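Visitor: Encoded as structure tokens, here's the structure I'll be asking about.
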Amino acid sequence: MKNHEGLFNSPSRATGSLLPVPYPARTMKICSLLALFALLLTARITDTIAAPAPTATAPLEVFPNIITLESSRDTQSLVVRLTDKQGISYDVTSEAEITVADPSLAKVESGTVKPISDGATKIKIKHKTNTIEIPLTIKEAKIDRPISFKLDVMPVFLNSGCNTGACHGAARGKDGFRLSLFGYDPDGDYIRLTREQTTRRINLAIPEDSLMLTKGTGSVAHTGGTRFKEGSNNYKTLMRWLEAGAPSDPDTVAKPLSLELYPQQMVIQEGAPHRLVARAKYSDGTDRDVTNLCLFLTSNDNSAAVTPTGQITAGKRGEAFVMARFATFTVGSQVIVIPKNVNSGFPSVRENNYIDTLVNNKLKKLRITPSELCTDDIFMRRAYIDIIGMVPTREELEKFMASKDARKREKLVDELLNRKEFVEMWVMKWAELLKIRSNQDRVSYKAAVQYYSWLQDKIAKNVPFDQIVQDLLSATGGTFNNPATNYYQVDTETLKLAENTAQVFMGMRIQCAQCHNHPFDRWTMTDYYGFASFFTQVQRKRGEDPRETIVTAGGGGEINHPVSGKPIPPKFLGGESPDVSGAKDRRVLLAKWLASPDNPYFARNLANIVWAHFLGRGIIEPVDDVRISNPPSNPELLDALASHFTEYKYDFKRLVKDICTSRTYQLSTRTNPTNEGDTRNFAHGMVRRIRAEVLLDTITEVTETREKFKGLPLGARAVQIADGGTTNYFLTTFGRATRDTVCSCEVKMEPNLSQALHLLNGSTVQQKVSQGGVVKRMLDEKKLPGEVIDELYLRCFSRKPTKQEYDALAPLILEDPKEIPKVLEDVFWALLNSQEFIFNH
Amino acid sequence: MIRLQRIAFAFLICVPAVALAADSPGAAKITYQDQILPLFRNSCLNCHNPDKKKGGLDISSYSAAMAGSDSQKVIIPGDPDGSVLYRLVTHSDEPKMPQKADKLPAKDLDLIKQWIAGGALENSGSKAVIKPKLDLGVATPTIARPAGPPPMPKGLSLEPLVRTKRPGPLNALAASPWAPLAAIGGQKQILLYHTQTLELLGVLPFPEGLPECLTFSRNGQLLLCGGGQGAKLGRVAVWDITTGKRITEVGDEFDVVLAADISPDQKEIALGGPAKMLRVFATTDGEKLHNVKKHTDWITAVAYSPDGKWLATGDRSGGLYVWEGKTVREYYTLSGHKGGITSLAYRDDSKLLASASEDGSIKLWNMDGGTQAKNWNAHSGGVLSVSFTHDGRLTSAGRDKTTKTWKPDGAAEKTFDAFPDIALHTAFNDDGSRVISGDWSGAIRVFNTADGKKLGDLTPNPKPLPPDPSPTATTLKPATQPTTKPIARK
């Protein structure tokens, strides 16, 4: 993406497409249209990532670094890694010499440790001049652990891809056979496999004739083809289980408790291979090497492809997150791929606060140089649009530019944070997330407006956000008397309420776990229903006014797990199971936990939402899709923002101030060769289209016109619209949230053709230019055409025209004095249609 | 054939129009106008009125109520249990009515029952007209025993082809209708046992794979086995039970044959399986006579009626159809099962079809009209097998691991000791005095029908014979080449 200043200095501007003054209005519009298209095309940001710098680690490492073998069949594979001075790691497992100190206890075969006899010893790893030792303990080396359906057979289905959504994991199965998706219901799978079609799927008399084997190996017709080869580990496991009589597991069978993936971070060079090792820990204290049983996934095939056995091959320069899935766990490892020759070196830049330190730390690793600080006028326009949703007036601009105060930017931020427009911006943002809109069935217009007013009142009084959330979640009473109860009216289904709460306040989409364990996150169905269980006792009845609903909680109501059919007690998502026996209203417990430091996601999520508003991209993006497989681009930064936010007692203003006064926020959009490809590490200012409401307000502001929205006085701003159901062609075209869902994706910031056409030919711009009569009034005030042009530029761009722009405009003005008002109006129109105007840069 | 039909007819018990209690003086008549309409108005007419007509049913007038819904008649005068309306309001069938409301009070249900039982009268002037109801209690066999000694295996090889470490389940089971003989599907072989002495009488090789279904011809002379290898091969083989010769085979399926039957005249073999196609072959030359696409799921049960008039087929989604035996034209759609059909059996008089289903119920269907005659929950978790005696009693096996016997009207008789695993198949011996049943683990037991005692065990995995040095020991090689000898009865 070209930076914004660049656009203005680019050849396209020099040829006059930005200000195509020498042409009559119509031609001019066409030219601008083309220019806008050019912008729209270049606005697609390419998603490449700069190379990282290595972290300082020990030169030779082995993963895992403590090994315990617990039965005759237990083995452990190793990965030996060498890290050079640059921090680049190399997988040297095959070159390293791996020996067991006491060879009577264990042996090592191609990087895998196998037990011989009980005892404790060490494994020695030697690579060139480096050596390390790790402890090895062997227990029950002569005892074979009995084969288990859950521990041995179920992982085969995941690993072989049998129970994916496209195959037997589909809700209705595939070709008549169903397995639970990613194995969320092992007991059901056992029945389906062994007894459902009575004698079809397994044959205990002649195990090798079992359909599950002949289908799996593809030796008979199988839509899914060959999933494993005869004699492979997976085949052997299934065979062992069949030979043992296809036993089911006793209730005491160990449960997997966690999954570890090694190494957790690696910086490798393009083309280099690297192995991963995965180990699961069980409730009986044992662990197992599950590298061959995991399902490996990568977030970026181009940079790091991964084989089913956990072998990474570095591709092109970039960042990837390689995940391993086993049982209900998904864990990831960060892989950074850098070209063979990269230059390190980081300029000394000022760090205004902790934000800059943490952003720069990451940039140093990636060897990216941040952009320069943006100019005062650009900063002022950026801050105005972001903080209060307006553009500065000429007077404000001149005062700020004239100020010699070294802390004038900070002071400006303070000033803006105390304006009522700041409150309105955030009321609008939260109204979107809370889906404040009238709704034929459940929320009357009156209730929606009251709900909005309630929110506005809270934010205006700077009520800490945890308090607001607690009020919302534990609200009882009438939707008119206590508008916060509308939270329970915008959606009335228990499950939907739980999902929305998780998405809005924790940034998590747990919907998947309604029907099966989340495939790319840690949430199981038990987590889902445990969370939903907080909302099961919400009751509603009609108020005296038929438009009002009275929301109460308490009494009875449980939710059953769809697999076990048993009620699930309430459990915080990713937290404890609170004691609800004495609680009248479970939601109160939830509210207290949710909006508190006990909930690790709350502050992080809010901080991320705020960050995304000002920087154009969340540290986790999208902001409401927090999951293991979508890790933050800078976790340390996110944690710091969250902890500061918590420390500030959830006071928004202070967090916004931290962000807006950071150097990171004030970076120019002009890039340098190292950061031009960066999109997620905040190395340069991001060019962002102004969101629908703010754009309309800004056009209205600079043209001195007034808009009328339903329920608001003439001249009100679009930002102030209370009811999300209000429609307006301009706002809809520019992607205003309809507030139908809680998804952050509702606000559409992507430019599109109808937006361009609407600005060019639609009623809004043309009408407002003539309606507002700005040009006419200025001319009436006997202002010179040059002064009018200055004024228009200051209004729209917060800057004066450049000399080139003057030169281009001058001949037009001079051509025909009678046409001057018309020409100036056309100039105004052109400015409003320019990229510089509709983008915040 | 004609002779047979005549005999069958002779045994039909015709029930004349009954003079009902409601008609007798003294008892108050229950009529649609007087008692039932007010009751319907309270609970049913909000949906089942001429405007909404939910499910195509309007019961706001007598004629509309009697006309029934889109798919069927809902009231059968004189037969409350056969009336869909009554079954739904008593919640013995789904969808439960009234929907989203409490069950009707017992006295109202009782009123509806009495009204239907009394002939579903319209008003006090109406006279009950009740169709002769099918009698479930057939007491004597309706098919004559074939003349001559019952066919028994003679001098068949007793050497098992396959001996495995584990027995494997009871894959298939059939008992000869006239001889003390049971056929058991083992691994790539069929074992013939004497049902009185429990001796092994012969081993029939089935190298195609697993026997999935076994059935004797009506005269007990032929044994038919359908089966094969999953996702690879499906075939039906027919043996002469006396000689042990494989006399024909039909079908060339790409997956196992799950169900097959031979027509009583032995001219046709019908089969079905995962291909969802009902195929009928001529036994004479193996020509495919019919290839019917109707079932939407795997065909799991196929049965000809003893008179050859009907062919019933069931599938894994609960689809149950009755076809004309000869033409294989669709005749009845028997809807009611909520789970897959697992087994079908005709009563000897061909008037009644029993269906077993994964929904846990056994249903009896009246072949005169294709209506449900009886329905009861037999095995929780699913019924896997059902079959009749000559005198109309039933035996069933299911996922509750038990085998049960039932009186001809469906009343429970005996529940035998549970198996270690799900009970897969069950059958009566020729005279109905014994029940042979087996489970998933391979346990096969013979019970005494009268007192429920276990009489002995059979195995699907017999031991190899001790080596016999005598050169006269006869072994019968598996018939690899099918013969084309016509086996149709003259």
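The values are calculated or read from the model by the stated rules, or taken from the named source; none is laboratory data. Note that the structure is predicted; figures quoted are calculated from it, not measured. Methodologically, a virtual Cβ is constructed for each residue, glycine included, from the backbone with ideal geometry; neighbour enumeration extends over all protein chains shown.
Visitor: Would you mind stating whether A:THR732 is in a helix (DSSP H, G or I) and under 18 Å from A:ILE387 (Cα atoms)?
Guide: no
Visitor: Please verify whether the stretch A:448-468 includes one or more residues that are out of contact with any Lys or Arg (no Cβ under 7 Å at 6 or more places or on another chain) and closer than 15 Å to A:ILE550 by Cα.
Guide: yes
Visitor: Yes or no: A:LEU242 of a type in the set (A, V, I, L, M, F, W, C), within 13 Å of chain B (Cβ to nearest Cβ), buried (at least 19 other Cβ atoms within 10 Å of the Cβ) and in contact (Cβ under 8 Å) with a residue 40 or more places away in the chain?
Guide: Criteria met by A:LEU242.
Visitor: Going residue by residue through the stretch A:355-362, is there one that turns out to be farther than 30 Å from A:LEU497 by Cα and touching a Cys at 6+ places or on another chain (Cβ under 7 Å)?
Guide: Checked against the condition, which is being farther than 30 Å from A:LEU497 by Cα and touching a Cys at 6+ places or on another chain (Cβ under 7 Å), the stretch A:355-362 yields no hits at all.
Visitor: Right, something else. In the stretch B:244-296, what residues are part of a loop (DSSP other than H, G, I, E, B), in contact with a Lys or Arg (Cβ under 8 Å, 6 or more places away or on another chain) and either within 14 Å of chain A (Cβ to nearest Cβ) or of a type in the set (S, T, N, Q) (or both)?
Guide: B:PHE254, B:ASP255, B:VAL256, B:VAL257, B:GLN266, B:LYS276, B:THR283, B:THR284, B:HIS295, B:THR296
Visitor: Residues of the stretch B:398-415 being among the β-branched types (Val, Ile, Thr) and either out of contact with any Ser or Thr (no Cβ under 9 Å at 6 or more places or on another chain) or assigned to a loop (DSSP other than H, G, I, E, B) (or both), which ones? Give the steps one after another, and end with the answer.
Guide: Initial filter on the stretch B:398-415 (among the β-branched types (Val, Ile, Thr)): B:402-403, B:405, B:415.
Within the stretch B:398-415, B:THR402 is the sole residue that qualifies.
Visitor: Right, next: Considering every residue within the stretch B:400-416, establish whether at least one is within 14 Å of chain A (Cβ to nearest Cβ) and more than 20 Å from B:LYS351 (Cα to Cα).
Guide: Narrowing the stretch B:400-416 to residues within 14 Å of chain A (Cβ to nearest Cβ): B:400-401.
So of that shortlist, the ones also more than 20 Å from B:LYS351 (Cα to Cα) come out as B:400-401.
Yes, the stretch B:400-416 has at least one match.
Visitor: For the stretch B:83-115, what are the residues that are of a type in the set (Asp, Glu), in contact (Cβ under 8 Å) with a residue 12 or more places away in the chain and either loosely packed, with under 15 Cβ neighbours inside 10 Å or part of a loop (DSSP other than H, G, I, E, B) (or both)?
Guide: First, the residues of the stretch B:83-115 that are of a type in the set (Asp, Glu): B:93-94, B:102, B:108, B:110.
Then keep just the ones that are in contact (Cβ under 8 Å) with a residue 12 or more places away in the chain; that gives B:93-94, B:108.
B:ASP93, B:GLU94 - these are the residues of the stretch B:83-115 that are of a type in the set (Asp, Glu), in contact (Cβ under 8 Å) with a residue 12 or more places away in the chain and either loosely packed, with under 15 Cβ neighbours inside 10 Å or part of a loop (DSSP other than H, G, I, E, B) (or both).
Visitor: Select from the stretch A:554-577 the residues that are of a type in the set (A, V, I, L, M, F, W, C) and either under 15 Å from A:LEU495 (Cα atoms) or at pLDDT 90 or above (or both) and write down the one among them that is surrounded by the most Cβ atoms within 10 Å (Cβ to Cβ).
Guide: Looking at residues that are of a type in the set (A, V, I, L, M, F, W, C) and either under 15 Å from A:LEU495 (Cα atoms) or at pLDDT 90 or above (or both), I get A:LEU573.
Visitor: Please work out if A:THR237 is in a helix (DSSP H, G or I) and either more than 14 Å from every other protein chain (Cβ to nearest Cβ) or within 22 Å of B:ASN171 (Cα to Cα) (or both).
Guide: Criteria met by A:THR237.
Visitor: Select from the stretch B:213-243 the residues that are away from chain A (no Cβ under 14 Å), over 20 Å from B:THR313 (Cα atoms) and of a type in the set (S, T, N, Q) and list them in ascending order.
Guide: The answer is B:ASN219, B:GLN221, B:THR242, B:THR243.
Visitor: Here is a further query. In the stretch B:361-397, which residues are within 14 Å of chain A (Cβ to nearest Cβ) and not in a loop (DSSP other than H, G, I, E, B)?
Guide: Listed by number, the residues that qualify are B:VAL383, B:LEU384, B:SER385, B:ALA397.
Visitor: Out of the residues in the stretch B:297-315 that are within 14 Å of chain A (Cβ to nearest Cβ) and in a loop (DSSP other than H, G, I, E, B), which is surrounded by the fewest Cβ atoms within 10 Å (Cβ to Cβ)? Quick ask: steps written out before the conclusion?
Guide: First, the residues of the stretch B:297-315 that are within 14 Å of chain A (Cβ to nearest Cβ): B:297-301, B:315.
Applying the additional criterion that residues be in a loop (DSSP other than H, G, I, E, B) yields B:297-298.
Details: B:ASP297: 16, B:TRP298: 21.
Top of the filtered list is B:ASP297.
For every residue, the table says whether it meets (1) touching a strand residue (DSSP E or B) at 6+ places or on another chain (Cβ under 8 Å); (2) at pLDDT 95 or above; (3) within 14 Å of chain A (Cβ to nearest Cβ); (4) more than 14 Å from B:LYS404 (Cα to Cα).
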{"residue": "B:ALA418", "(1), (2), (3), (4)": "no, yes, no, no"}
{"residue": "B:ARG434", "(1), (2), (3), (4)": "yes, yes, no, no"}
{"residue": "B:ILE444", "(1), (2), (3), (4)": "yes, yes, yes, yes"}
{"residue": "B:PRO471", "(1), (2), (3), (4)": "no, no, no, yes"}
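Visitor: Something else about it: I need a count of the residues in the stretch A:125-183 that are assigned to a loop (DSSP other than H, G, I, E, B), farther than 21 Å from A:PHE520 by Cα and not charged (D, E, K, R).
Guide: Here the count works out to 7.
Visitor: What is the one condition in (1) farther than 30 Å from A:TYR488 by Cβ; (2) more than 28 Å from the chain's Cα centre (by Cα) that A:PHE734 does not satisfy?
Guide: (2)
Visitor: Which residue pairs have Cβ atoms under 9 Å apart, sit 6 or more places apart or on different chains, and have a first residue in the stretch A:784-800 that is in contact (Cβ under 8 Å) with a residue 40 or more places away in the chain and a second that is buried (at least 21 other Cβ atoms within 10 Å of the Cβ) and outside any helix (DSSP H, G or I)?
Guide: Listed by first residue and then by second, the contacts come to A:LEU794/A:PRO392; A:ARG795/A:VAL391; A:CYS796/A:VAL391; A:CYS796/A:SER834; A:PHE797/A:VAL391; A:PHE797/A:SER834; A:SER798/A:VAL391; A:SER798/A:PRO392.
Visitor: A further question follows. From the list A:GLN467, A:GLN456, pick out the single residue that is in a helix (DSSP H, G or I), modelled with pLDDT under 95 and within 23 Å of A:VAL747 (Cα to Cα).
Guide: None of the others qualify; the one that does is A:GLN456.
Here is a yes/no grid of residues against (1) hydroxyl-bearing (Ser, Thr, Tyr); (2) surrounded by fewer than 16 Cβ atoms within 10 Å (Cβ to Cβ); (3) in contact with a His (Cβ under 7 Å, 6 or more places away or on another chain); (4) closer than 15 Å to A:SER72 by Cβ:
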| residue | (1), (2), (3), (4) |
| --- | --- |
| A:THR83 | yes, no, no, no |
| A:GLY87 | no, no, no, no |
| A:ASP91 | no, no, yes, no |
| A:GLU95 | no, yes, yes, no |
| A:LYS114 | no, no, no, yes |
| A:SER117 | yes, yes, no, yes |
| A:THR121 | yes, no, no, no |
| A:THR131 | yes, yes, no, no |
| A:ILE134 | no, no, no, no |
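Visitor: Right, another one. Go through the stretch A:756-841 and tell me which helices (runs of 4 or more DSSP H), entirely inside it, have 3 or more residues that are surrounded by 15 or more Cβ atoms within 10 Å (Cβ to Cβ) and of a type in the set (A, V, I, L, M).
Guide: Passing ranges, in order: A:774-780, A:785-797, A:803-815, A:820-832.
Visitor: How about the stretch A:189-234: which of its residues are in contact (Cβ under 8 Å) with a residue 60 or more places away in the chain and assigned to a helix (DSSP H, G or I)?
Guide: Applying the first criterion (in contact (Cβ under 8 Å) with a residue 60 or more places away in the chain) to the stretch A:189-234 yields A:224, A:227-228, A:234.
Within the stretch A:189-234, just A:ASN234 meets the criteria.
Visitor: Can you pull out the residues in the stretch A:318-341 that are surrounded by fewer than 24 Cβ atoms within 10 Å (Cβ to Cβ), touching a strand residue (DSSP E or B) at 6+ places or on another chain (Cβ under 8 Å) and not in a strand (DSSP E or B)?
Guide: Answer for the stretch A:318-341, where residues must be surrounded by fewer than 24 Cβ atoms within 10 Å (Cβ to Cβ), touching a strand residue (DSSP E or B) at 6+ places or on another chain (Cβ under 8 Å) and not in a strand (DSSP E or B): A:THR328, A:PRO339, A:LYS340.
Visitor: Mind telling me which of the residues A:GLY218, A:GLY224, A:GLY183, A:GLY188 ends up being more than 28 Å from A:ILE312 (Cβ to Cβ), of a type in the set (Gly, Ala, Ser) and either more than 11 Å from chain B (Cβ to nearest Cβ) or surrounded by fewer than 19 Cβ atoms within 10 Å (Cβ to Cβ) (or both)?
Guide: A:GLY188
Visitor: Now for a different question. When only residues in the stretch A:621-643 that are crowded, with 19+ Cβ neighbours inside 10 Å and part of a helix (DSSP H, G or I) count, which is nearest to the chain's Cα centre (by Cα)?
Guide: A:LEU638
Visitor: With the checklist (1) crowded, with 18+ Cβ neighbours inside 10 Å; (2) touching a strand residue (DSSP E or B) at 6+ places or on another chain (Cβ under 8 Å); (3) away from every other protein chain (no Cβ under 14 Å); (4) not polar (S, T, N, Q) in hand, flag the one item A:ASP209 doesn't pass.
Guide: The single condition A:ASP209 does not satisfy is (3).
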